[in-house]
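Heads up: the structure comes next, in structure tokens.
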């Protein structure tokens with residue numbers, strides 16, 4: 001399948017959760033389009049594998065826990081000392097266990113919210129000042145159709161992703177007078193390792209809600225991210241782009 005060509009030359013992108021799945025595929029496409037890419041992840045081993053597999057001198061990696069603001073700020077400081085950050089893809093996220101809200105472990109609930117929502121806030125807070133300074137930026141927050149619809153037995157994940165949508169709309173409006181676009185994407189279930197965190201019953205239930213009758217392919221998701229991250233996207237901001245195979249009703 002042929003892919004649209006994008007020009008990301010002289011652009012630097014930070015991708016969270018970049019060592020596998022969506023994040024690594026986005027990184028590869030950005031690299032193929034001429035960008036410098038820094039992938040963040042909490043797993044050093046996965047990062048090392050990703051860098052080795054990609055075999056591109058324009059790919060760098062950092063171990064960063066995005067739920068820890070100090071770690072995020074330190075990583076950003078090192079980048080902007082001798083470069084700039086043009087693109088931020090807030091892709092890192094966890095689903096957590098599937099169970100009714102009243103049975104949810106409180107610490108696990110907090111962990112899911114801290115990564116899916118607070119982590120997105122931390123990255124935006126640390127990186128946006130550099131984008132303002134350069135009057136250029138493209139931010140894409142990876143939310144989920146669960147943040148729109150609410151998935152039964154996934155209240156923490158649904159709440160965190162709904163929060164990320166609200167954050168996107170707010171920040172996009174705050175930056176609307178600058179050449180900085182902030183958008184969210186809401187994928188349905190996709191063929192990534194995140195499905196391994198869920199029960200087979202939960203996965204089947206997710207699939208049954210998708211009119212196209214299949215899960216999202218990673219390359220389909222990456223294509224949408226590329227356009228939102230490109231200079232072609234000059235007007236859309238504070239928006240939510242659905243990629244759910246017809247599942248969403250709004």
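The values are calculated or read from the model by the stated rules, or taken from the named source; none is laboratory data. Fair warning: this is a prediction, and the values are worked out from it, not measured in the lab. In this analysis, Cβ positions are derived from the backbone assuming ideal geometry, glycine residues included, and neighbour counts consider all displayed protein chains.
The table for this structure:
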read-out: Whichever residue in the range 48-58 is in contact with a helix residue (DSSP H, G or I) (Cβ under 6 Å, 6 or more places away or on another chain) and not in a helix (DSSP H, G or I) and, among such residues, is farthest from residue 234 (Cα to Cα); value: 56
read-out: Verdict on residue 66 being at pLDDT 95 or above and outside any loop (DSSP other than H, G, I, E, B); value: no
read-out: Identity of the residue in the range 234-250, under 18 Å from the mean Cα position of the chain (by Cα) and modelled with pLDDT of 95 or more, that ends up surrounded by the most Cβ atoms within 10 Å (Cβ to Cβ); value: 237
read-out: Residue in the range 32-40 that is touching a helix residue (DSSP H, G or I) at 6+ places or on another chain (Cβ under 8 Å), part of a helix (DSSP H, G or I) and touching a residue at least 12 places away in the same chain (Cβ under 8 Å) present; value: no
read-out: The one condition in (1) surrounded by fewer than 17 Cβ atoms within 10 Å (Cβ to Cβ); (2) free of Cβ contacts under 8 Å to residues at least 40 places away in the same chain; (3) under 29 Å from residue 179 (Cβ atoms); (4) in contact with a strand residue (DSSP E or B) (Cβ under 6 Å, 6 or more places away or on another chain) that residue 44 fails to fulfil; value: (3)
read-out: Matching residues, the range 201-233, being under 20 Å from the mean Cα position of the chain (by Cα) and part of a loop (DSSP other than H, G, I, E, B); value: 215, 217, 230, 231, 232, 233
read-out: Residue in the range 69-91 that is nearest to residue 37 (Cα to Cα), counting only those that are in a loop (DSSP other than H, G, I, E, B) and in contact with a helix residue (DSSP H, G or I) (Cβ under 6 Å, 6 or more places away or on another chain); value: 85
read-out: Hits in the range 151-188 - residues which are within 30 Å of residue 235 (Cβ to Cβ) and part of a loop (DSSP other than H, G, I, E, B); value: 175, 176, 177, 178, 179, 188
read-out: Matching option when the condition is in contact with a helix residue (DSSP H, G or I) (Cβ under 8 Å, 6 or more places away or on another chain), within 25 Å of residue 20 (Cα to Cα) and modelled with pLDDT under 95, among 147, 189; value: 189
